[in-house]
1. Taking the stretch 204-220, which residues are of a type outside the set (A, V, I, L, M, F, W, C) and in contact (Cβ under 8 Å) with a residue 60 or more places away in the chain?
2. Scan Val47, Val38 and give me the residue that is under 16 Å from Ala278 (Cβ atoms), crowded, with 19+ Cβ neighbours inside 10 Å and within 15 Å of the chain's Cα centre (by Cα).
3. Restricting the search to the stretch 243-261, which residues are touching a residue at least 60 places away in the same chain (Cβ under 8 Å) and of a type in the set (A, V, I, L, M)?
4. Cys66 is checked against (1) more than 16 Å from the chain's Cα centre (by Cα); (2) farther than 18 Å from Arg212 by Cα and fails just one. What number does that condition carry?
5. Just checking: which of the helices (runs of 4 or more DSSP H) contained wholly in the stretch 192-261 hold 3 or more residues that are crowded, with 16+ Cβ neighbours inside 10 Å and among the basic types (Lys, Arg)?
6. Checking Gln292 against (1) part of a loop (DSSP other than H, G, I, E, B); (2) within 28 Å of Ser166 (Cα to Cα); (3) not aromatic (Phe, Trp, Tyr): exactly one of these is not met. Which one?
7. Test each condition in (1) more than 21 Å from the chain's Cα centre (by Cα); (2) surrounded by 24 or more Cβ atoms within 10 Å (Cβ to Cβ) for Ala163 and report the one that comes out false.
8. Just give me the residues in the stretch 115-149 being touching a Gly at 6+ places or on another chain (Cβ under 6 Å) and over 16 Å from His270 (Cα atoms), in sequence order.
Amino acid sequence: MSVALVCMSHSPLLEFADPPADVGAAVEDAFAQARTFVEDFDPTLVVSFAPDHYNGFFYELMPPFCVGFEAVAVGDYGSQAGTLDVPAALAEDLAQAVIDRDVDMAISRRMRIDHGAVQPLEILFGDIAARRVVPVFVNGVAAPFTPMRRIRRMGTAVGEFVATLSGERVLLIGSGGLSHDPPVPRWETATDRQRADLLDGRDPAPDAREARQRRVIETARAFAAGEAGIRDLNPEWDAAFLDICASGDLEEVDGWSPARMAEDAGNSAHEVRTWLAAFSALRACGGYDVVQRFYRPIPELIAGFGLMTAR
């Protein structure tokens, strides 16, 4: 068994935004380095920790985390749609192993994923079915949020299972963050129409999906122009979090409260839970070294955009 990790921000705006040329080139170079890292590692299995943006999980039933025994991508923001190659028996074993370690892992035999899970697979492999993938949903948008220490323990339990997979080369992916505050509706301030979508908004009509996506694109353009009423990016907060991931001292985030995270880094900063889960899983397999660290605050993407690889 050998293990590697790629954690990266995602953004539905990658194909719709126009950041400065030097910034766009830096992001593409970071992606190219990560692809080379993954190609050299040549994983036989991917365990993907990713959030959802009310495309697969809704307030009708919102677990803090969930393993998919089957997964289908919905294709939002022009991302690839279709079925992932999920090894169901192995996913079942992973779920059972996590539960046996006293972490209450939910399961889905019909998981739906969106760009949050798909984008890293597209960037790293070119196709979402190029590798066997066990998807692990980590709630990063829907309050209430489970404590960060529980996310760390869940990731540790996954890593302890991964460490038993002799003969596998396992790539851990964490997708999300860092500081960002996109216009994702929140229950407490949502309209009645928005609450209906948050409760159970599966399979929106094409015009409804287009309107939702257009709102995000327009907000990003206004934000880049300094005209959007959303929280600023917080490069200092992002750097502190990346330092913790690199150090391996992951317990430092145990006491972080959801309210303070949102205040400091935006309502979608909770997506860093995917990074915490992935790094916790990696640490459970032994010590690690960071190979690549990239970061840029990119208003055009409404994201403190980061990427790290580790072995």
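The values are calculated or read from the model by the stated rules, or taken from the named source; none is laboratory data. These numbers come from a predicted model, not from an experiment. Quick reminder, even Gly has a Cβ in these numbers, built from the backbone with ideal geometry, and neighbours come from all protein chains shown.
1. Within the stretch 204-220, the subset of a type outside the set (A, V, I, L, M, F, W, C) is 204, 206-207, 209-210, 212-215, 218-219.
Across the stretch 204-220, the qualifying residues are Arg209, Gln213, Thr219.
2. Working: Val38 fails: within 15 Å of the chain's Cα centre (by Cα).
Checking each option against the conditions leaves just Val47.
3. Just the residues of the stretch 243-261 that are touching a residue at least 60 places away in the same chain (Cβ under 8 Å), to begin with: 245-246, 250-251, 253-256, 258.
Ala246, Leu250, Val253 - these are the residues of the stretch 243-261 that are touching a residue at least 60 places away in the same chain (Cβ under 8 Å) and of a type in the set (A, V, I, L, M).
4. Result: Cys66 fails condition (1) only.
5. Details: elements: 192-200, 206-224, 235-247.
Passing ranges, in order: 206-224.
6. So Gln292 meets the others, but not (1).
7. (2)
8. Just the residues of the stretch 115-149 that are touching a Gly at 6+ places or on another chain (Cβ under 6 Å), to begin with: 135, 140.
If the condition is that a residue be touching a Gly at 6+ places or on another chain (Cβ under 6 Å) and over 16 Å from His270 (Cα atoms), then Pro135 is the only one that fits.
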